[in-house]
Amino acid sequence: MFTEPIVECVYGWGQTLQLYPDHVDIEGTSYTLHDLINFKPVYRRILGVPSMRLELQFTSGRVVIRGIADISLALKVIAYLHTWSAVHLRYSVEEIQSIPELPAPAMLVERTPRPLVLSEAGRERFWEYDSHDQPTIAVGPFDAIVDGEDETVSPADSTSPELAVTLDAVTSWPWTDERHLQHKQRLQRLQREREARLYGFDIEDLAERLRAGPLPQISVPAVLLDGECAHYSIEARLCDEAPGEGKRAKLKVKDQGRLVLTNLRLIYLGRQRHITLSYEHMLQYSPVPGAVMISTAYWHRQQFFVMPRPLECAMYLEHIWKHFQDKILPATHQYQKRAQTQSLFVPPPTGSKVTRELPVML
């Protein structure tokens, strides 16, 4: 008997499965792999939690192992059982009555896993495959991985009980990674579609455009300074409070107009007032449901700009504000310091008299 199991995993409510080279122990009960007829793994993902179920069909009966949380260990068990069934494949007329004749020694049946084709709605919940779903015929001797080396096993040697099969060189199935990749891409596409319906724009696309290159320059109905250019403009309402939730929530609107973001200032062109705010004096900004909150050192209370796409405005404002603090603000302070140094005037000491000569008029 083997003292150390090849794979040991926990399933269900703390039950243990131990896989040995020639048998498997399930909660104290030992099942020899020579009596294994078929096995069927099923992968499920419920509420974002993955799990694996393994159905083992022995000559004595069927054993179902539910709730294997560690998918990597479950895949190792499946890979070993698949390799075992490929190496120790033999038929018995007493066990399988549906086969009229035994296969010829030169013709061996190789079992390969194949995914179950599900509907579009079923792919979101789970996928499963049967290791003995569809047989493929391999002519002549087949290649098996024995003790980590490739060896050509003849039909006579394939049923030897002393043949040791290890998991070191068991390859993963190529379709598993492809199916996982397709499932991941589909989830990402659905997530982007939900965000576009919820926020009104593609968040990932806007973030990529902000990182890629310079912001677009737009024309606005406002007088801009030298070197100032507008990058974003949207209709907005000025309020003292955040918009409430529900149909009966009343919104106290102070003004209605257009919010403009330039590379130097935030400009609000309202019907009753115009607001100009330099990014240097802005203390905080934050997107809230339905609006963008902005607080400065000059305002007594924070102001809310209610707009259709507040997250989009906040992303533009964050990019422009960071660029202003990193590049424009240090250059402005350096220019002001140099200008003050050139125009510096030292007054005479207190109490001293300064004599000036006046021109003589002839």
>> Can you compute 3J(HN,Hα) from phi for each residue in the range 42-56, using the Karplus curve 6.51 cos²θ - 1.76 cosθ + 1.60 with θ = phi - 60°, rounded to whole Hz and x for Gly and Pro?
In response: 10, 9, 10, 9, 10, 6, x, 9, x, 7, 10, 10, 10, 10, 10
>> Give me the Å³ per residue figure for the convex hull around the C-alpha atoms of the range 213-334.
In response: 111 Å³
> Considering only the other residues whose Cβ falls under 14 Å of the Cβ of His274, what net charge follows from Lys and Arg at +1 and Asp and Glu at -1?
Replying inline: +4
> For the range 256-327, what class follows from the C-alpha gyration tensor (a ≥ b ≥ c being the square roots of its eigenvalues): rounded when a/c is under 1.5, otherwise prolate if a/b is larger than b/c, else oblate?
Replying inline: rounded
> Using the per-residue mean of other Cβ atoms lying within 10 Å as a proxy for protection, in what order, highest first, do the peptides 198-206, 277-285 fall?
Replying inline: 277-285, 198-206
> Looking at the square roots a ≥ b ≥ c of the eigenvalues of the Cα gyration tensor of the range 182-256, which shape do they give, rounded for a/c under 1.5, prolate if a/b is larger than b/c, or oblate?
Replying inline: oblate
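We did not get these values from a lab; they are worked out from the coordinates using the rules stated. Note that the coordinates shown come from a computational prediction; the quantities given were computed from them, not determined experimentally. Quick reminder, even Gly has a Cβ in these numbers, built from the backbone with ideal geometry, and neighbours come from all protein chains shown.
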